[in-house]
Amino acid sequence: MRTLALLGAGGSIGSQCLDVVRRSGGAFCVTAMTMRSRAEELFRLAREFRPRVCGLVEEPEEIPADLREIEWFFGEDVNERVVEAARAQDVLAAVVGAAGLEASLAALRVSERLLLANKEALVTGGELVTGLAKELGKPILPVDSEHSAIFQCLRARDCNEPARLILTASGGPFRTWPKEKMYAAGVGDVLRHPTWNMGRKITVDCATMVNKGLEIIEARHLFDMPEEKIAVLVHPQSVVHSLVEFPDGCLLAQLGAPDMRAPIAYAMSFPGRMPDAGKKLDLAAVGTLTFEAPDPARFPALRLAREALRAGGTAPCIFNAANEIAVASFLREEIPFGEIVNIVEQTMQRVPSGNIRALADVREADGKARREAERVAAARR
Ligand code: NDP
Ligand code: MG
């Protein structure tokens, strides 16, 4: 039995991870859980999984009597403190946003393996995370479906270097919408994703394709590939989860139903595979798989992500922070959908990027970018 600390236990990835644990026949024991604010939900999960350590960013009024033998932590640094107290073999980082960076670094220091769903950790502090993993000889197992696919395909590389990584993208709910209609899309339109059921923030990121931009940066760090060798291919059925191209032109792809439990279970069970981890794929029922190039005019987020990656240092962190602010503002219905990427672009122009020598450089750039993005967003309401 492997012990697991689950950060972000009540979210889309968190609940699917717990579903994998339930179906694993006792192969995993969740010894720690964190969430941000929904205390009642965490209490419910704690009663089912009986973790030894729990944490919430926002401290609740009281802890129910039957859960007081659990060691509790509260506050902004709750993930690091829970990881340190739990000392689980594996940590699944499934919190949303840049808060996952410190959590991921703590996981690498304390645990045997980091199972990473929180792509923002690699986007904001990729060099710090991969640098620490290398220094300590700890594996980072990707949970993001595209990166899990590439990780699996790369296991067949033998002695060959890949020529290109090809990230597939569903294209989101606005794949075929004209630009003007997209600009004015409402929160309801955005949250109706065609193939994946995910948390609100990443669902908005899929509609702008910022998510694919974040994933280009994530792939750059996970697989040590230069930006120009990471391509994006729109594939509306979300069946081919990504591909690797080798120098002879051969492509290897990983296919599966669009069900996050499969990549979650793969990371948890690696190098083994868990039987019946996700839904089975019936290719005959799917019938047709289609592919198309992304449209740079309607999805400028891809260009911005590549610019951030080429600029290096804190530029990707600025890209991410501005996006987090703009998405939150859109979800509060303060700005039109079409302004999200405009706010990201303006913030990138206004906040100069610098080198990353330590975590403090990331946090400073993140704070500056958030404050500037708030100003830009306020002017666009
Ligand atoms: P959700 O919004 O559904 O869930 C996030 C969870 O994390 C919630 O339980 C939330 O608590 C908790 N949380 C948020 N901030 C903190 C914090 N600072 N400390 C502790 N807990 C926190 O997000 P998703 O599950 O959709 O996404 C999680 C991560 O995985 C993101 O980085 C996303 O990009 C990535 N990812 C998600 C995929 C998906 O299918 N959902 C696919 C690939 C990657 P509370 O409920 O109390 O607010
Ligand atoms: Mg993904």
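Side notes on the structure shown:
- Multiplying the residue separation of K134 and M1 by 0.36 nm and removing their Cα-Cα distance gives an extension gain of 45.3 nm.
- Rounded to the nearest 10 Å², the accessible area of D361 at probe 1.4 Å: 30 Å²
- The range 21-76 shape via C-alpha gyration tensor axes, a/c threshold 1.5: prolate
- Under 14 Å from K280, Cα to Cα: aspartates and glutamates that are on another chain or at least 8 residues apart: D259
- Solvent-accessible area per residue in the chain equals 42 Å², computed with a 1.4 angstrom probe and all protein chains kept.
- Computed with the Debye formula from one identical point scatterer per Cα of the range 148-311, without solvent, the log10 of I(q)/I(0) at q = 0.16 Å⁻¹ comes to -1.02.
- Between R155 and L251, the modelled label-to-label distance comes to 2.2 nm, taking each label 7 Å out from Cα in the direction of the beta carbon.
- Take every Cα pair under 8 Å whose residues are at least 6 apart in sequence, average their separation, divide by the length of the range 74-227, and the relative contact order is 19 percent.
- Only protein atoms count toward the accessible area here, which uses a 1.4 Å probe; on the range 2-142, the carbon and sulfur part of that area reaches 48 percent.
- Of T347, T31, T195, the one that fluctuates the most in a GNM where the chain has Cα springs shorter than 10 Å: T195
- Label-to-label distance, R109 versus L289, with points set 7 angstrom from Cα along the beta-carbon direction: 4.3 nm.
- Springs join every pair of Cα atoms under 10 Å in this Gaussian network model of the chain, and among P194, P236, P51 the largest mean-square fluctuation is at P194.
- For the chain, the relative contact order works out to 15 percent when only alpha carbon pairs closer than 8 Å and six or more residues apart are counted.
- Ellipticity at 222 nm from helices only: DSSP H runs of n ≥ 4 in the chain, each -39500 (n - 2.57), divided by the residue count, give -14000 deg cm²/dmol.
- Highest average first, the peptides 267-280, 285-298, 15-28, 143-156 ordered by how many other beta carbon atoms sit within 10 Å of their residues are 143-156, 15-28, 267-280, 285-298.
- F28 long-range amide H proximity, modeled H, under 5 Å: R2
- On full extension, the segment bounded by D77 and A311 gains 81.3 nm, given 0.36 nm per residue less the C-alpha separation.
- Computed on the chain, the Cα convex hull volume stands at 140 Å³ per residue.
- Within the chain, the whole DSSP H helices whose Cα atoms reach 18 Å or more along their own axis and whose mean Kyte-Doolittle score is at least 0.5 are 315-331.
- A378 paired with R200, simple spin-label distance in nm, labels 7 Å along Cα-to-beta-carbon: 2.2 nm
- You can think of it this way: the chain between D66 and N355 has 99.2 nm of extra reach, that is 0.36 nm per residue less the Cα-Cα gap.
- Anisotropy class of the range 2-142 from Cα gyration tensor, a/c 1.5 cut: prolate
- Across the accessible surface of the range 172-211, with the other protein chains kept in place and a 1.4 Å probe, carbon and sulfur atoms take up 54 percent.
The values are calculated or read from the model by the stated rules, or taken from the named source; none is laboratory data. Quantities reported herein were computed from a predicted structural model and do not represent experimental measurements. With ideal geometry, Cβ positions are generated from the backbone for all residues, glycine too; neighbour counts draw on all protein chains shown. Each accessible area value is taken on the protein alone, full model and side chains, heavy atoms only, with ligands, DNA and RNA left out. Shrake-Rupley method; radii C 1.70, N 1.55, O 1.52, S 1.80 Å.
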